[in-house]
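K.L.:
The structure that follows is given in the form of structure tokens.
The numbers here are math on the coordinates, done by the rules we state, and not lab data. Just so we're clear, the structure is a prediction, and the values are computed from it rather than from any experiment. Here the Cβ positions follow ideal geometry from the backbone for every residue, glycine too, while neighbour counts run over all protein chains shown.
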Ligand SMILES: CC(C)(COP(=O)(O)OP(=O)(O)OC[C@H]1O[C@@H](n2cnc3c(N)ncnc32)[C@H](O)[C@@H]1OP(=O)(O)O)[C@@H](O)C(=O)NCCC(=O)NCCS
């Protein structure tokens, strides 16, 4: 039997919608924008994920080979999904996505290794959730491996609550609207 996912009663946020610009902890100017399918942002994301350290893969994503990166990106950059990208000049430093399922959206977030621990992940997830709030998304969930301390800390800080802790993956949930 399928288990009902539990969501917090109260909405998190409010979160500011992109575009958002800030200086990270390494004094780099970072701009977070909604993904633009026209132009070369797609190729910049392929470059980011080709450079992504396989040791930081979460539940098998991003895939390793360029061909598989492209087919994975084709799925999550679909117009039904919500995508935001953190830019350092024209280099993609991070990317976060909300992918719809039956009645909610599944979240995933990736920050390129050389940009981690500088506050970009926090701004990126806030901007994604701001985009979600502005787009009337009501419920967001995700799964995360419990040993992924950086991600679990980030999600808790934003307001995600654990909705299922029965396996090695935690399921976490957040209400947006
Ligand atoms: C999780 C991830 C997106 C965080 O991005 P980031 O830019 O490093 O995040 P921030 O610098 O904003 O840090 C956010 C919080 O995470 C925690 N954190 C970050 N790196 C950490 C680390 N290596 N160990 C423990 N906690 C860490 C801190 O609590 C931090 O909050 P603080 O800055 O207020 O102290 C990034 O580590 C990443 O891309 N990891 C690989 C992919 C992944 O696991 N994605 C999540 C699963 S889909």
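K.L.:
So in the chain, what percent of DSSP beta bridges are antiparallel if you round to the nearest 5?
P.N.:
Once the DSSP bridges in the chain are tallied, antiparallel ones form about 95 percent.
K.L.:
If you don't mind, there's one more thing I want to ask. Please compute the contact order of the chain in relative form: average sequence separation of alpha-carbon pairs under 8 Å and at least six residues apart, divided by the residue count, as a percent.
P.N.:
About 27 percent, as a whole number.
K.L.:
Fewest to most neighbouring Cβ within 10 Å: what's the order for 160, 52?
P.N.:
In order of increasing Cβ crowding within 10 Å: 52, 160.
K.L.:
Separate question: To the nearest 10 degrees, how steeply does helix 149-158 sit against the main Cα axis of the chain, on a 0 to 90 scale?
P.N.:
70 degrees
K.L.:
What is the distance, in nm, between label points placed 7 Å from the Cα along the Cα-to-Cβ direction at residue 80 and at residue 146?
P.N.:
3.3 nm
K.L.:
To test your reading of the geometry: what angle, between 0 and 90 degrees and rounded to tens, separates the Cα axis of helix 41-51 from the longest principal axis of the chain?
P.N.:
The answer is roughly 80 degrees.
K.L.:
Right, another one. Along the Cα→Cβ direction, 7 angstrom out, place labels at residue 156 and residue 55. What is the inter-label distance in nm?
P.N.:
According to this spin-label approximation, the distance is 2.4 nm.
K.L.:
Still on this structure, please answer the following. Taking the Kirkwood radius as the inverse of the mean 1/r across Cα pairs, report the Rg/Rh of the chain.
P.N.:
0.94
K.L.:
Nearest 5 percent is fine: what portion of the DSSP beta bridges confined to segment 95-154 is antiparallel?
P.N.:
75 percent
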